[in-house]
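Participant: Below is a structure I'd like to ask you about.
FYI, it's all coordinate maths here, none of it is from the lab. All figures in this text were calculated on a predicted structure; none of them were measured in a lab. Ideal geometry is used to build each Cβ from the backbone, glycine not excepted, and the neighbour counts take in all protein chains shown.
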Amino acid sequence: MSRQPSATHRYEFPDRNDVNVIPVPGGATNLYTRAFHAAWAQAETIVMQRSAAMLKTSHAFSGFSTNDIGKAKEFYGRTLGLEVSEEHGILNLHLGGGADVLIYPKANHAPATFTVLNFPVDDVDKAVDELVKRGVHFEIYNDPGIKTDDKGISRGNGGPTIAWFKDPAGNILSVLDISGTM
């Protein structure tokens, strides 16, 4: 059974006696055939490296679903004061630092049971107070692993000071102390 050249095989020329010669497909001994297979292996390596780098430099974005784009647009744009745009029934949040988040409609939407979007802020208390004035309700937790105060702020629970709230579709969001983030 012959094997195809790959980046894991090292092909050497037979006139180099300081390295082990790995057989090439079909047991070719012709110098030109060996040169071709060595070049092929090198090309494969380059392609694999470029493929890996392709995602490294990609401007990735995140997304989550909602059951009502209109309500989401109102909430994220007016209530939270974010820059939003809508195209083809899909909402784009344009966040600080150039990040974008896509919110898409889904007929059988189920709210996320985890935090889908975190907003680092300088002062969590001030952010909570301002958002409450805008009609945002903060979650109150009194679980063994996580407790919040009467404003919905978790302090000293092994993580940053943080407060959770939900969008109209029930997705969980937070404001958290910027100094406690990575």
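Participant: Quick one: Karplus J couplings for the stretch 143-154, per residue in order, coefficients 6.51, -1.76, 1.60, θ = phi - 60°, nearest Hz, x for Gly and Pro?
Facilitator: My calculation for the stretch 143-154 gives 9, x, x, 8, 10, 10, 7, 5, 8, x, 9, 9 Hz in order.
Participant: What is the set of long-range amide H partners of Leu95 at a cut-off below 5 Å, with H atoms built 1.01 Å from backbone N?
Facilitator: It is Asp100, Val101, by chain and number.
Participant: Non-local amide H neighbours of Thr66 (under 5 Å, H modeled in plane, Pro and chain starts lacking H): which ones?
Facilitator: Counting only residues 5 or more places away or on other chains, the set is Tyr104, Lys106.
Participant: For the stretch 130-142, what does the Karplus curve 6.51 cos²θ - 1.76 cosθ + 1.60, with θ = phi - 60°, yield as ³J(HN,Hα) per residue in whole Hz, taken in order and with x for Gly and Pro?
Facilitator: Along the stretch 130-142, the couplings run 5, 5, 4, 4, 8, x, 7, 9, 8, 6, 10, 10, 9 Hz.
Participant: In the stretch 95-182, with Lys and Arg counted as +1 and Asp and Glu as -1 at Cβ, which of these residues, Ile172, Leu131, Gly159, has the Cα nearest the positive end of the dipole, that is, farthest along it?
Facilitator: Ile172
Participant: Step through the residues of the stretch 67-84 one at a time and calculate ³J(HN,Hα) from phi using the Karplus curve (6.51 cos²θ - 1.76 cosθ + 1.60, θ = phi - 60°), rounding each to whole Hz and writing x for Gly and Pro.
Facilitator: The phi angles translate into 9, 7, 4, x, 5, 5, 4, 4, 5, 6, x, 8, 5, 8, x, 8, 6, 10 Hz.
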